[in-house]
Amino acid sequence: MAANDCSAAVPRFRVAAVQMVSTGDVEANLAQAEPLIAAAAADGARLVLLPEYFGVLGARATDKVDAREADGDGPQQAFLSRLARAHGIFLLGGTVPLACADPGRVRSALLVYGPDGRRVARYDKIHLFAFARGDESYDERRTIEPGTVPQTFDAPCGRVGMAICYDLRFPELFRALGDCALVVAPAAFTATTGASHWHLLLRARAVENQCYVLAAAQGGTHPAGRRTYGHSALIDPWGRIVAERAEEGPGIVVGDIDPARIAEVRAELPALAHRVLR
């Protein structure tokens, strides 16, 4: 694969990750997100990413099933469409729980709305998180039906790949996305796994695919005492942290996708062109 033709002739593209501490109250969560989206847009961001479970992260795993929406209709989807149009941005809803054939589960969908407020892409989370250590235990398979198809969409910076949280541990998904300028990764990493693996995985995926990675995280203490790691960040194709929110709590991270930087890294170290096994 040759160096990306998205070069110095293409201007930089500003993006932002919104960090939140969501609860089980959808209305309150949307109220928390709205001024953060506005702040990111005011800072010049043309693509804004919300974290996984931005609309509902309650005390019980079934809270997202109770808050599920029909595809194309519901308060979380209406919110995303309205804010994308109001600010003239690409707005990515980290995950929205969408109804599926199984009434006890949902599809955990990353939804992308364009500057005109219309939906341009949907990715259903493929890899479902499971973890058990002491009193801490999670199994998303109980309440989420997995997706099966990798997804991308086109933005002014180039192709954008879509991943969600636990997907970061599966590099084959990122290869399947093809040649991307940016991969987005909304997440709700636990404090336990995040402290050990968050930065490692984000930087590895950026270096392997020689692209930017934008990660919007939940970051704080949620109902029932669940703690998420935060550290929303933008990583460049060399694995350098361009911007990061080191503290817990709601906030934004803003940085630029620089096509010239992608081309430079791929020209100096043409690892993608050296691939043998495909």
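The values are calculated or read from the model by the stated rules, or taken from the named source; none is laboratory data. Please read all numbers here as calculations on a predicted model, not as lab measurements. Cβ: placed from backbone, ideal geometry, glycine included. Neighbour counts: every protein chain shown. For the accessible areas, the whole protein counts, side chains as well, though only heavy atoms, and no ligand, DNA or RNA atoms are used. Shrake-Rupley method; radii C 1.70, N 1.55, O 1.52, S 1.80 Å.
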Relative contact order of the chain, defined on C-alpha pairs under 8 angstrom at six or more residues apart (%):
24
Are there trypsin sites (Lys or Arg not before Pro) in the stretch 93-181 that DSSP puts in a loop and that have at most 14 other Cβ atoms within 10 Å, and which ones?
ARG118
Portion, in percent, of the accessible area of the stretch 51-98 that falls on carbon or sulfur, probe 1.4 Å
49
Which entry in (1) 26, 24, 19; (2) 28, 21, 18; (3) 33, 22, 17 is this structure's computed semi-axes √(5λ) of the Cα gyration tensor in Å?
(2)
Where does the stretch 1-157 land on Rg(C-alpha)/(2.2 N^0.38 Å)?
1.11
Relative to the first principal axis of the alpha-carbon coordinates of the chain, what is the inclination of helix 75-87, with its axis defined by its Cα atoms, in degrees from 0 to 90 and to the nearest 10?
40
In what order, largest first, do TRP238, TRP198 sit by accessible area if the probe radius is 1.4 Å?
TRP238, TRP198
Apply the Karplus curve 6.51 cos²θ - 1.76 cosθ + 1.60, θ = phi - 60°, to the phi angles in the stretch 257-262 and return the couplings in whole Hz, x for Gly and Pro.
8, 10, x, 5, 5, 4
Computed ³J(HN,Hα) along the stretch 217-230: with the Karplus parameters 6.51/-1.76/1.60, θ = phi - 60°, integer Hz and x for glycine or proline, the list is 10, 6, x, x, 9, 10, x, 6, x, 4, 10, 10, 7, x
For the stretch 66-91 and the stretch 218-257, distance of Cα centres in Å
23
I'd like the Karplus ³J(HN,Hα) series for the stretch 35-41: coefficients 6.51, -1.76, 1.60, θ = phi - 60°, whole numbers in Hz, and an x wherever there's a Gly or Pro.
x, 6, 4, 4, 5, 5, 5
